[in-house]
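Written below as structure tokens is the structure these notes are about.
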Amino acid sequence: MENKMYLALIIIGAPGSGKGTNATAIINKYNIAHISTGDILRDNVSNNTELGKKANDYMQKGALVPDELIICMVEQRINKSDCENGFLLDGFPRTIEQANALDKLLDSKAKSIDKVINLVVSEDELMGRLLKRGRADDNEETISNRLSVFTNQTSPVIEYYSKANKIINIDAVGDIEKISDDILNSI
Ligand code: ADP
């Protein structure tokens, strides 16, 4: 897909699966915008915006921020001019409602998701990685909550894109460069 004018990608995977790290390699190659809902939310929390105030409690517990807040936030972001070549969504959609809203939004622009990169990592490995990372919401209790939220709410999203034949499964354990090569070669 080297010469495509507009590329709409999603990177999906459990907390700790390496979405952020691998996202950087992808956006650099395709010159598309990186839309990380976690990063946008954390910016809002540190700037104490209305959205940040509403989101903070959920984030501290490792729960999902309500769909309507997230969907509105992503819509605004996708409409910005740096998305003219397309975008890579990181951390969104995390629920079927979010996936449906995204489809509708892209439909209204006569666009659609091209590919969904699914980073596959075992649960033991994830816990170890997150405890080492040490972000504010990376304590054992919050992590197990985020992992079960992922299993319950986000796994159906993988199934959804799988039915649409858009999923690329990537074994995301091992050498970092090999993983990002696998991703870039598969898009
Ligand atoms: P991780 O994948 O390690 O959990 P993120 O930075 O993607 O990290 O998300 C951190 C937190 O931000 C989540 O636990 C959740 O509270 C909130 N969040 C991020 N994206 C979404 C989303 N699409 N829907 C609901 N909540 C979200």
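In summary, the lysines within cross-link reach of LYS54, defined as a Cα separation below 24 angstrom excluding same-chain residues under 8 places away, comprise LYS80.
3J(HN,Hα) along segment 25-40: 4, 6, 5, 5, 5, 9, 6, 10, 7, 9, 10, 9, 5, x, 5, 4 Hz, from the Karplus curve 6.51 cos²θ - 1.76 cosθ + 1.60 with θ = phi - 60°, whole Hz, x for Gly and Pro. For LYS132, the lysines whose Cα falls under 18 Å of its own Cα, not counting residues fewer than eight places away in the same chain, are LYS19. Under the classification rounded if a/c is under 1.5, otherwise prolate if a/b is larger than b/c and oblate if not, where does segment 7-182 fall, given a ≥ b ≥ c as square roots of the Cα gyration tensor eigenvalues? Rounded, because the longest to shortest axis ratio a/c is under 1.5.
When each of CYS72, CYS83 is scored by the number of other beta-carbon atoms lying within 10 Å, the sequence from fewest to most is CYS72, CYS83.
Which FRET efficiency value, to the nearest 0.05, do you get for LYS53 and ARG135 by plugging their Cβ-Cβ distance into 1/(1 + (r/R0)^6) with R0 = 25 Å? E between LYS53 and ARG135, to the nearest 0.05, is 0.80. Neighbour counts of other Cβ atoms within 10 Å put THR151, THR95 in the fewest-to-most order THR151, THR95. Taking other C-beta atoms within 10 Å as the exposure proxy, VAL74, VAL149, VAL120 rank VAL120, VAL149, VAL74 from fewest upward. DSSP beta bridges confined to the chain are antiparallel in about 0 percent of cases. When shorter helices are ignored and each DSSP H run of at least 4 residues is given -39500 (n - 2.57), the per-residue value for the chain at 222 nm works out to -16000 deg cm²/dmol. Calculate the length of the line joining the C-alpha centroid of segment 20-53 to that of segment 92-165, in whole Å. With segment 20-53 and segment 92-165 each reduced to a Cα centre, they are spaced 15 Å.
Just so you know, all these numbers are worked out from the coordinates, no wet-lab data involved. Predicted model, so just to flag it, every value in this text is computed and none were measured. FYI the Cβ positions are ideal-geometry reconstructions off the backbone, even for glycines, and counts take in every protein chain you see.
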